[in-house]
Each structure stands twice: as structure tokens, then as C-alpha cells.
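Heads up: the structure comes next, in C-alpha cells.
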Amino acid sequence: MKLAVIGTGYVGLVSGVCFTLNGNHVICVDKDEEKINKLNRMESPIYEPGIEALIEMNLREGRLSFSADLKESVRRSDIVILAVGTPSLPGGEADLQYIEGAAAEIADAMEGYKIIMTKSTVPVGTNERIRKLIASRTNHPFDIVSAPEFLREGSAIRDTLHPDRIVIGLDNPQLEPTMRQLHQGFTENIFVTDIRSAEMIKYASNAFLATKISFINEIANICEKVGADVTMVAEGMGMDRRIGSSFLQAGIGYGGSCFPKDTNALIQIAGNVDYEFKLLKSVVEVNKDQRFMIISKLHESLGSLRGAVIGIWGLAFKPNTDDVREAPAREIVEALVAEGATVKLYDPIAAANFRAQYDHPQLRWCGVPEEAAEGSDAVCLLTDWAQFKDIDLHHLSGTMRRQILIDGRNVYSKEQIEGTGLEYHSVGRPQMGGLSGYSPVAGAV
């Protein structure tokens with residue numbers, strides 16, 4: 001099949017590249033000509049493990065191309081996939097201006113029958129609005145399909161090629177064979193439903209996963225007060241097949257481009273039909289509060305943070321991505337700066353993106369994690385990059401001004417901490433380590 005994918009962000013680029021792997025010819029379209037030029041040089045504008053190798057392979061084999069010409073790309077395609085952003089408006093609603101703008105351009109470009117497939121996350125009823133908008137601008141026939149994505153940044157290619165399920169929302173049953181053929185080889189678990197239900201499945205899925213994260217973080221906070229270990233609690237809970245072990249990792253909360261946006265949007269969707277989604281409002285509130293647990297633990301160990309030197313490990317909202325949107329690190333760093341601390345930051349991939357959004361004279365940008373720790377009063381681990389697990393904590397302790405390690409992702413085991421001299425704090429686990437003496441080190445900043 002011939003596809004045009006409108007938008008080359010995470011969803012559009014990964015989807016477009018992966019659709020070439022089952023024999024389709026794909027044009028990825030974006031208005032940003034600089035981004036298109038970069039892609040034609042086989043350089044990805046996003047950080048996603050494995051994406052550049054797939055771009056190069058499919059460009060060379062002629063199944064993939066990139067263009068800023070939406071009109072020509074639509075004319076050459078059988079299926080047009082909408083994968084543009086739907087960011088949050090100040091009130092939490094999804095901003096549909098980009099998807100409606102793209103739909104209008106598609107309508108104006110049509111010269112015959114097209115299938116318009118929406119992969120962007122959109123509120124319930126949006127595809128009906130898209131249908132009306134396109135119908136108002138063209139007399140050519142078309143069908144609308146909702147096919148929400150469920151990929152995770154950092155594992156987006158694997159999630160696209162080997163999904164748990166594919167959800168297809170249709171109102172024309174004759175399209176089902178075409179949709180199954182399009183996704184051939186990905187999974188046999190294809191769930192076909194109506195369009196409104198497909199739109200709701202995406203929001204409901206992300207809201208439920210966010211709920212699990214906030215729930216286990218609340219359990220972690222109780223564990224700290226009663227002396228239980230949240231990792232053991234989560235493991236025991238996860239053995240129950242009704243619950244499952246995924247998304248039961250306590251920490252400093254969720255971030256990124258999906259969960260914060262989609263939970264707020266679903267609260268607004270409910271509000272628009274006069275329903276107060278009390279549970280989801282609490283999930284969001286818990287998540288906002290959880291990140292500041294890092295600040296509280298620093299106060300417990302250091303008292304005032306004015307003049308303190310704090311090392312930060314990890315700025316991305318999760319490992320294996322350079323995405324800092326809604327990352328807990330942003331508010332934590334801003335709070336540290338506001339309290340007068342000098343903050344030394346390190347992230348293996350996301351530092352440039354973070355710095356582009358937020359910089360300050362009190363920030364020091366570091367090239368390796370050890371540099372961020374050297375001379376610091378405390379180190380706070382905010383993103384569980386694999387490299388942090390292998391750091392020599394015994395050596396690290398000797399380079400710090402005060403030996404305090406706040407592990408916001410429960411990366412380290414008791415065996416790794418014992419004997420290091422670190423005063424170690426994690427999330428929902430009994431305090432490990434315990435030496436907190438003051439050991440001045442030259443070159444504090």
C-alpha cells in the first residue's frame with residue numbers, strides 16, 4: 001500500500017518507518033523543511049534506539065521517503081495517516097488546531113478516494129469533526145479510521161512491531177480487511193470497534209497506567225512510615241494476575257508527552273459532559289506532589305539548601321529518550337535554584353534539550369555523572385539510566401563533600417550501598433547505608 005504519514009514526531013516517524021517493514025511504501029510529511037532535510041540525510045530528529053538504522057535501510061531500498069509537500073504526498077497515497085501533535089491547552093484540553101489544519105490541507109489535496117487514519121491522541125468525537133471538516137472542503141469520497149498508538153518512548157520500534165494489541169475504530173465494516181492487511185505481521189491481536197470507543201480506549205489505557213503509578217507511589221509513602229519495603233510489596237502484588245507487575249515501580253512520578261497530557265485531557269472530556277472524574281484528579285495531584293519528595297529528603301539531611309551543592313543524575317522523563325517534556329527533573333531543579341542551591345546536572349542524552357528549555361547561573365552542566373557528584377553535598381538520581389547502576393559508589397562517596405545519595409528510582413540494592421559510607425535515601429524502602437559525616441573535598445563547585 002501507499003501511505004502518507006503527516007507529522008514526523010515520535011508517533012509519525014516511528015509509525016511511518018515501521019509500516020515500510022511489511023512492504024508498504026511510505027512518505028513521511030512535515031512542514032519543517034529543516035527536519036525533512038535532516039531525515040533525507042538519514043539523521044533522526046528524535047532520539048529513539050534503532051530508528052536511524054531503519055531510516056537508512058528503507059531509504060536505500062526505496063520504500064521510504066520524506067517530503068515537505070503535503071499536497072503531492074496525499075495525491076500519491078491510498079491511506080493518509082494523521083500523526084500531528086495534540087498538545088495541552090492551559091485548561092488541560094487537547095489543542096486540535098494542528099490536526100484540524102492538517103485535515104483541511106488533506107481535503108484540499110484530494111483528487112480521489114482516500115482512507116484518513118488518525119493515530120494522534122484525540123478526544124472522543126474528534127474523528128467525527130475531522131469527517132465534517134473534510135466533507136465541507138471536498139466532494140471526493142473518503143473514509144475515517146481511528147487507530148490510536150500505544151508506543152513508549154525508548155522502546156517505540158519494538159512496541160510498534162510487537163504490540164500487545166492493535167485497536168482499529170471503524171464505521172465502514174468493509175475497511176476491516178484493508179486495516180488487517182496494513183498491520184499484517186505486527187500482531188494477530190487486532191481489536192476492531194467503533195470510532196468513539198477507539199478514541200476512548202487510548203485515554204482510558206493511559207489513565208489507568210497513570211493510576212497504577214500514583215497508587216504505588218502512595219503505597220511507597222506509607223511504607224516509609226510503617227517500615228515496609230515497597231519493592232517487596234509491589235512484587236507480591238504483581239504475582240496476582242488480576243493486578244500484574246507492570247507500572248508498579250515506585251519513584252518520583254510519571255512525566256513525558258503522554259500521561260500528563262492525556263490524564264488532564266480525560267478530566268476535561270469528563271467535565272465537558274458534566275462528570276467530575278474524582279479518581280483521575282487525585283492521580284494527577286499525587287503525581288505532582290511525588291516529585292517534591294526529593295526536596296523533602298534533602299531538607300531532612302541538609303536542612304537549608306542555601307549554598308548547598310546538589311548533583312542531579314538524569315533529566316529525561318525516562319531512560320532511553322531525550323524527551324524532557326513534563327519531566328519531574330524540571331520542577332525539582334527549579335525548586336533547588338529557588339532555594340539557593342548550586343545544581344550540577346548530568347544526563348547522557350537529554351541535557352541539551354533540558355538546557356534549551358531552562359538554564360540559570362546557578363546551574364553547572366557536567367559531561368559525566370562523576371563530575372556532577374564531585375564536591376556535592378548530595379546526589380539525586382532522577383532518571384534510571386542503565387549507566388548509573390554500574391557506578392562505583394565506594395569511589396563516588398570519597399569525592400563528595402557530604403555523602404548523601406537520594407535515589408528517586410530505587411536503582412540500588414542494599415548490597416550495593418553497604419560499606420560505601422553513603423547516607424542513602426530511596427522511595428518507600430527502609431533507609432540503607434547511614435554514614436553522614438562531613439568530609440570536605442577541594443573544588444566543591
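The values are calculated or read from the model by the stated rules, or taken from the named source; none is laboratory data. Every value quoted in this text rests on a predicted model; they were computed, and no experiment measured them. In this analysis, Cβ positions are derived from the backbone assuming ideal geometry, glycine residues included, and neighbour counts consider all displayed protein chains.
Which of the residues belonging to the range 87-126 are of a type outside the set (Val, Ile, Thr) and assigned to a helix (DSSP H, G or I)?
Selection gives GLN97, TYR98, GLU100, GLY101, ALA102, ALA103, ALA104, GLU105, ALA107, ASP108, ALA109.
Here are some conditions: (1) at positive phi; (2) in a strand (DSSP E or B). VAL167 meets all but one. Which one does it not meet?
So the condition that VAL167 fails would be (1).
Restricting attention to the range 384-421, and to residues there that are small (Gly, Ala, Ser) and free of Cβ contacts under 8 Å to residues at least 60 places away in the same chain, which single residue is nearest to ASN217 (Cα to Cα)?
Among residues in the range 384-421 that are small (Gly, Ala, Ser) and free of Cβ contacts under 8 Å to residues at least 60 places away in the same chain, the one nearest to ASN217 (Cα to Cα) is SER413.
Select from the range 66-93 the residues that are under 27 Å from ILE349 (Cα atoms) and modelled with pLDDT of 95 or more and list them in ascending order.
PHE66, ALA83, VAL84
Which is within 23 Å of PHE19 (Cα to Cα) and touching a Ser or Thr at 6+ places or on another chain (Cβ under 9 Å), of GLU176, GLU149?
Exactly one residue qualifies, and that residue is GLU149.
Conditions tested, residue by residue: (1) in a helix (DSSP H, G or I); (2) hydroxyl-bearing (Ser, Thr, Tyr); (3) surrounded by fewer than 18 Cβ atoms within 10 Å (Cβ to Cβ).
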residue: SER282; (1), (2), (3): yes, yes, yes
residue: HIS299; (1), (2), (3): yes, no, yes
residue: SER304; (1), (2), (3): no, yes, yes
residue: GLY307; (1), (2), (3): no, no, yes
residue: ILE312; (1), (2), (3): no, no, no
residue: PHE317; (1), (2), (3): no, no, no
residue: LEU336; (1), (2), (3): yes, no, no
residue: CYS380; (1), (2), (3): no, no, no
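Tell me, yes or no, whether the range 180-201 has at least one residue that is more than 26 Å from ILE51 (Cβ to Cβ) and in a loop (DSSP other than H, G, I, E, B).
Yes, because at least one residue in the range 180-201 is more than 26 Å from ILE51 (Cβ to Cβ) and in a loop (DSSP other than H, G, I, E, B).
How many residues does the range 46-66 contain that are within 16 Å of PHE19 (Cβ to Cβ) and either surrounded by 18 or more Cβ atoms within 10 Å (Cβ to Cβ) or of a type in the set (A, V, I, L, M, F, W, C) (or both)?
Here the count works out to 10.
Which ones in the range 14-38 are outside any helix (DSSP H, G or I), among the hydrophobic types (A, V, I, L, M, F, W, C) and touching a residue at least 40 places away in the same chain (Cβ under 8 Å)?
ILE27, VAL29
Is one or more of the residues making up the range 234-255 of a type in the set (Lys, Arg), over 25 Å from GLU48 (Cα atoms), outside the structural domain of ASP347 (by TED's automatic domain parsing) and modelled with pLDDT of 95 or more?
Looking for residues that are of a type in the set (Lys, Arg), over 25 Å from GLU48 (Cα atoms), outside the structural domain of ASP347 (by TED's automatic domain parsing) and modelled with pLDDT of 95 or more, one finds at least one in the range 234-255, hence yes.
Select from the range 211-240 the residues that are basic (Lys, Arg) and more than 26 Å from the chain's Cα centre (by Cα) and list them in ascending order.
LYS225
Show the residue pairs that are 6+ apart or on different chains and have beta-carbon atoms under 7 Å apart, the first residue being within the range 133-162 and in contact (Cβ under 8 Å) with a residue 40 or more places away in the chain and part of a helix (DSSP H, G or I), the second being buried (at least 21 other Cβ atoms within 10 Å of the Cβ) and of a type in the set (Val, Ile, Thr).
Sorted first by the residue in the range 133-162, then by its partner, the pairs are ALA156/VAL14; ILE157/VAL14; THR160/VAL14.
Being in a loop (DSSP other than H, G, I, E, B) and crowded, with 21+ Cβ neighbours inside 10 Å is the filter here; which residues of the range 391-409 pass it?
Answer for the range 391-409, where residues must be in a loop (DSSP other than H, G, I, E, B) and crowded, with 21+ Cβ neighbours inside 10 Å: MET400, ARG401, GLN403, GLY408, ARG409.
In this structure, is TYR275 outside any strand (DSSP E or B), buried (at least 21 other Cβ atoms within 10 Å of the Cβ), at pLDDT 95 or above and of a type in the set (Phe, Trp, Tyr)?
No; evaluated as a whole, the condition is false for this residue.
Tell me which of these VAL286 doesn't satisfy, since it passes every other one: (1) crowded, with 19+ Cβ neighbours inside 10 Å; (2) part of a helix (DSSP H, G or I).
(1) is the only condition that VAL286 fails.
If a residue must be over 29 Å from the mean Cα position of the chain (by Cα) and either closer than 17 Å to ASP30 by Cα or modelled with pLDDT under 95 (or both), how many such residues does the range 94-110 contain?
Looking only at that region, the number is 3.
If you take the residues in the range 25-39 that are in contact with a Leu (Cβ under 9 Å, 6 or more places away or on another chain) and surrounded by fewer than 20 Cβ atoms within 10 Å (Cβ to Cβ), which one is modelled with the highest pLDDT?
The extreme case among them is HIS25.
Select from the range 39-65 the residues that are out of contact with any strand residue (DSSP E or B) (no Cβ under 9 Å at 6 or more places or on another chain) and outside any loop (DSSP other than H, G, I, E, B) and write down the one among them that is nearest to ASN320 (Cα to Cα).
Checking each candidate, the answer is ILE51.
Specify the residue that is nearest to the chain's Cα centre (by Cα); the eligible residues are those in the range 152-194 that are surrounded by 16 or more Cβ atoms within 10 Å (Cβ to Cβ) and within 20 Å of PRO123 (Cβ to Cβ).
The qualifying residue nearest to the chain's Cα centre (by Cα) is VAL167.
Just give me the residues in the range 91-108 being surrounded by fewer than 20 Cβ atoms within 10 Å (Cβ to Cβ) and of a type in the set (A, V, I, L, M), in sequence order.
If the condition is that a residue be surrounded by fewer than 20 Cβ atoms within 10 Å (Cβ to Cβ) and of a type in the set (A, V, I, L, M), then LEU96, ALA104 are the ones that fit.
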